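One structure is given below, encoded as structure tokens.
The values are calculated or read from the model by the stated rules, or taken from the named source; none is laboratory data. Everything numeric here is computed off the predicted structure, so don't read it as measured data. With ideal geometry, Cβ positions are generated from the backbone for all residues, glycine too; neighbour counts draw on all protein chains shown. These accessible areas exclude ligands, DNA and RNA; they are computed on the full protein's heavy atoms, side chains included. Shrake-Rupley method; radii C 1.70, N 1.55, O 1.52, S 1.80 Å.
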Amino acid sequence: MAIYFQRQAFWGTILVGAFALPTLVSCANPTPTDVEGGGEQEDVSATLESDEVDTINGEAIALYGQFESHVGGTVFLLEETGNDALGNVLVVNASDRAFAVPADAGTPMWAVGTILPLDPTTIDGIDPAELEAYAGKSAVYAERITLAPDPARLTTEAETFYNQDVTVYGEVEQVEAENTFILKDPDLFEGKGVIVIQTGDAALPSPTDHTKVAVSGILRPYVIAELEEEYELTWDLNLIEQLEAEYSQLPVLVADLITLTDD
């Protein structure tokens, strides 16, 4: 399920992103190990199943898979499965955001970045000796890593993901307000979908009706007073009443990255 943006496969184009400098990967509930460093390290040197990543250096890519194991510092293995999957892929958190591996290590993850030759000297929080087994290999230097929970699980366990960085997929349904739309999916909150607010500092364009997208951002409770104050919403009274009637008990996704999809 790897997506190389130049090839326009599955997810074709990042519309807008906000990428920055490296940070440590962090884990509030360390399973299987604390990916910020320390703890028991697993021998994962033999788990790279494919050399395909090494042949596509310089390409932008989006990966969807599950946390496999912590290598050290900000480096971990993500396992892709399914058709055309790359298997286990080295990922380096090269973003300005800490990332917490899900406590059950089973919630899918979404990583967006560029494939580059692995350079241990540029990676925070790791002894280069820990990467000797991967000498000559390439890794995805991820500018963005989020959780990508199944819509059904997000529906039943929304509070588990509050204030976390998540990616949700669906079809755009426009509303009469700037920087706001509904993301629809049959399995997302019983088909109602979720309100998406596009943050002004990310300068996100508004996708058109029925566009299929992946939306990344922070999942928050619907508290209209806080949202209006923080994001300078332009919802009129009619829209507020309409949205509150359907969505006041559901979360809101505050987005700063939107990716077009073909599926």
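If you check D51, D84, D43 for being loosely packed, with under 14 Cβ neighbours inside 10 Å, within 21 Å of A129 (Cβ to Cβ), at pLDDT below 75 and not aliphatic (A, V, I, L, M), only one passes: D43.
Scanning region 229-247 for residues that are within 23 Å of T155 (Cβ to Cβ) and either acidic (D, E) or loosely packed, with under 13 Cβ neighbours inside 10 Å (or both) yields E244, A245, E246. Go through region 183-219 and give me each residue that's more than 19 Å from E171 (Cβ to Cβ) and either free of Cβ contacts under 8 Å to residues at least 40 places away in the same chain or open to solvent by 30 Å² or more (accessible area, probe 1.4 Å) (or both). Matches in region 183-219: G200, D201, A203, I218. For region 219-232, the criterion of a residue being within 19 Å of A62 (Cβ to Cβ) and touching a Pro at 6+ places or on another chain (Cβ under 8 Å) is satisfied by no position.
Give the residues of region 221-259 that are outside any helix (DSSP H, G or I) and of a type in the set (A, V, I, L, M, F, W, C), sorted by residue number.
Step one: filter region 221-259 for residues outside any helix (DSSP H, G or I), giving 221-223, 232-236, 248-259.
Across region 221-259, the qualifying residues are V223, L233, W235, L250, V252, L253, V254, A255, L257, I258.
None of E226, E176, E171 is touching a residue at least 40 places away in the same chain (Cβ under 8 Å), open to solvent by 30 Å² or more (accessible area, probe 1.4 Å) and in contact with a Lys or Arg (Cβ under 9 Å, 6 or more places away or on another chain) except E171. Of all the numbered requirements in (1) under 26 Å from A133 (Cα atoms); (2) modelled with pLDDT under 75; (3) out of contact with any helix residue (DSSP H, G or I) (no Cβ under 8 Å at 6 or more places or on another chain); (4) surrounded by fewer than 16 Cβ atoms within 10 Å (Cβ to Cβ), A103 misses one, and that requirement is (1).
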